[in-house]
Amino acid sequence: MTLNASRLKQMVRIVALLFIIFVLSASTLFKIPAFAAEPQAVYYISPQGNDSNPGTKDAPFKTITKARDVVRTVNKNMTGDIIVYLREGSYNLTDTVTFTPEDSGTNGYTIHYRAYPKETPVIMAAEKVTGWTQYDGDIYRAPLSRSAKLRSLYVNEKRAYMASRTITCQGGWGEYTVTGAWDSGTQSDGIKYRGEDFPASPRNPSDIESESGSTWNKAIVCFREVTTDGGDRILKLQQPYGSIAQRVDSGAAFQTGYGASHKVSNVFEFLDTPGEFYFDRSEGYVYYYKESDEDMSAASVYAPNGLETLFDISGSSTSDRVERLTFYGLTFKYSDWNLKEIDGSYGKANLQGAAVQVAYEQGKYQNGFMRRDDVCPAAICVNNSDTIVFERNTLAHTGAEGISMVNDVRNSS
């Protein structure tokens, strides 16, 4: 079919009209107003500021929580938008920044947390690791004070990985019986590896992880003790999570059978590949096998500080929501996660999706997935909220998820 010029122009006008209708409809749906001609208030935050300041451009606040608390004093009956500008630099958090219903925009107006034009504020939760010295060849080490296992390290903005090796399982060991709320059963209490494949006395055995790939997912378990039985190393599982991970159906469970392939991580003796690291909690040092082109005396190295969620935006119910907040042009980095904890044991297993199994179940996914699963933590978590907008932000180097809108979030994007 051939279109003449008149017909083509008509079609272009129709498409343009439909686009305009779509944009107007989307604006109405998400209730995203433009900036008021005269904002009710404008505040500024800077890493070089001071929370005793008035929050002006020339005398900014220092922390996000201070700006949030000041906004709480003026947002009950808003007459225009409120804008909080974050200036260039790093805002290093040690506690989650929370936004509750009292932090909401009111009267149809919005509270904006924005990067100052042409600047890049970074919201992070990490410790810079310095003082690197050569340990052995291309392995360097630096002091790091941290009580928990370290699962991620970032060198020159690149993720390093736990020292690991792929090992063949020699079968399960022992028995562990779970008496659960929905089901009970017995699983292996440990796994066996050949002595030549695994060290007899590894450092920090409770930090070691084993990952079993499966049809739909990867299951991770942790250990409580390493012993030797003849020519085998016995790795005793942290329980009950070790048994929970073995109970997932559809071929997605942690595999303890003979011949299963396991990726075993966080073992110092496995530190043999550029880009790997090992953190020795008992010693207080992090070891890193450097890349050939890296100069550790000039490297920028960060370790997450243990904070799983940087921003939590949560109302208390569907009748008490957080409303009308926008976040624009911000960078979020270095959230942490050390797997799911159940009664002092750690791991991550699930059939599929960004979820984690939290209970010993029937082994039939459809029978219990609503009660046995939970979501993983996110760098930004949103619940019971309305008209929450994230636009042109950057999320990088997160321990688990990025932005999570879990329960009763509406009109948000």
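The values are calculated or read from the model by the stated rules, or taken from the named source; none is laboratory data. The structure displayed is predicted, hence computed values, not measured ones. Backbone-built Cβ (ideal geometry, glycine too); neighbour counts: all protein chains shown. SASA here: full protein model, heavy atoms, side chains in, ligands and nucleic acids out. Shrake-Rupley method; radii C 1.70, N 1.55, O 1.52, S 1.80 Å.
For the reader, a short list of remarks on this structure follows.
- The solvent-accessible area of ASP343, taken with every protein chain present and a 1.4 Å probe, is close to 130 Å².
- When the pairs LYS290/LYS340; LYS128/LYS340; LYS128/LYS149 are compared against a 21 Å limit on Cα-Cα distance, LYS290/LYS340; LYS128/LYS340 fall above it.
- Whether the stretch 154-206 is rounded, prolate or oblate, judged on the alpha carbon gyration tensor where a/c under 1.5 counts as rounded: oblate
- Alpha carbon centroid spacing (whole Å) that separates the stretch 62-95 from the stretch 245-262: 48 Å
- Computed from the Cβ-Cβ distance with R0 of 41 Å, the FRET efficiency linking THR228 to ARG371 stands at 0.55.
- By accessible area with a 1.4 Å probe, ligands and nucleic acids excluded, highest first: order of TRP173, TRP216, TRP337, TRP182: TRP216, TRP182, TRP173, TRP337
- Relative contact order of the stretch 151-198, pairs being alpha-carbon contacts under 8 Å that are 6 or more residues apart, as %: 31 percent
- Global geometry of the stretch 245-387, whether rounded, prolate or oblate, following the gyration tensor of its Cα atoms and the 1.5 cut on a/c: oblate
- Model label zone, ARG194; criterion: amide N under 14 Å from point 7 Å along Cα-to-beta-carbon; scope the stretch 258-295: 259-262
- Estimated from helices alone, the mean residue ellipticity of the chain at 222 nm is -3500 deg cm²/dmol (sum of -39500 (n - 2.57) over DSSP H runs with n ≥ 4, per residue).
- When ASP136, ASP207, ASP293, ASP183 are compared by accessible area of protein heavy atoms, the largest-first order is ASP293, ASP136, ASP183, ASP207, using a 1.4 Å probe.
- Counting only protein heavy atoms and a probe of 1.4 Å, the accessible surface of the stretch 263-338 is 39% carbon and sulfur.
- Rolling a 1.4 Å probe across all protein chains gives THR94 an accessible area of roughly 110 Å².
- Sequence ranges 224-230, 384-390, ranked by mean other-Cβ count within 10 angstrom, highest first: 384-390, 224-230
- Derived scalar couplings between HN and Hα for the stretch 203-215 equal 6, 6, x, 6, 8, 6, 10, 10, 10, 10, x, 9, 4 Hz in order, rounded to whole Hz, by the Karplus curve 6.51 cos²θ - 1.76 cosθ + 1.60 (θ = phi - 60°), x for Gly and Pro.
- Treating r as the C-beta distance of ASP272 and THR106 and R0 as 56 Å, the FRET efficiency rounds to 0.45.
- Prolate/oblate/rounded label for the stretch 59-180 (Cα gyration tensor, a/c 1.5): oblate
- Karplus (6.51, -1.76, 1.60) ³J(HN,Hα), θ = phi - 60°, over the stretch 246-261, in Hz, Gly and Pro reported as x: 7, 9, 5, 8, 6, x, 9, 6, 5, 8, 10, x, 4, x, 5, 8
- Extension gain for the segment TYR258 to SER292, taken as residue separation times 0.36 nm less the Cα-Cα distance, is 8.5 nm to one decimal.
- Nonlocal amide H pairs with GLU323, under 5 Å, H built at 1.01 Å: SER104, GLY105, ASP386
- The Cβ shell under 9 Å around ALA355 holds other residues with a net charge of -2, Lys and Arg each +1, Asp and Glu each -1.
- The stretch 222-364 - accessible surface per residue (Å², probe 1.4 Å): 35 Å²
- For the chain, share of DSSP beta bridges that run antiparallel, in % to the nearest 5: 55 percent
- For GLU175, the solvent-accessible surface computed with a 1.4 Å probe is close to 150 Å², ligands and nucleic acids excluded.
- At R0 = 22 Å, FRET efficiency that the Cβ-Cβ distance of LYS364 and THR186 yields, to 0.05: 0.80
- The residues packed around ALA298, meaning those with a beta-carbon under 14 Å from its beta-carbon, carry a net charge of -3 if Lys and Arg are +1 and Asp and Glu are -1.
- For GLU276, residues with placed amide H under 5 Å, excluding near neighbours: TYR161, TYR289
- The relative contact order of the stretch 230-350 comes to 33 percent, based on Cα pairs under 8 Å that sit 6 or more residues apart.
- Reported label for calculated percent of Cα pairs over 26 Å apart given (1) 67; (2) 58; (3) 63: (3)
- Loop sites in the stretch 30-126: trypsin sites (Lys or Arg not before Pro), DSSP, at most 11 other Cβ within 10 Å: LYS76, LYS118
- Solvent-accessible ranking of SER345, SER184, largest area first, probe 1.4 Å: SER184, SER345
- Full-stretch length increase - THR394, GLU38 - with 0.36 nm per residue and alpha-carbon distance subtracted: 125.3 nm
- Gain in span if fully extended, ASP138 to ASP249, counting 0.36 nm per residue against the direct Cα distance: 35.7 nm
- Rel. contact order, % - alpha carbon contacts under 8 angstrom, at least six apart, the chain: 18 percent
- Accessible-area composition of the stretch 148-195, carbon plus sulfur, in percent [1.4 Å probe]: 42 percent
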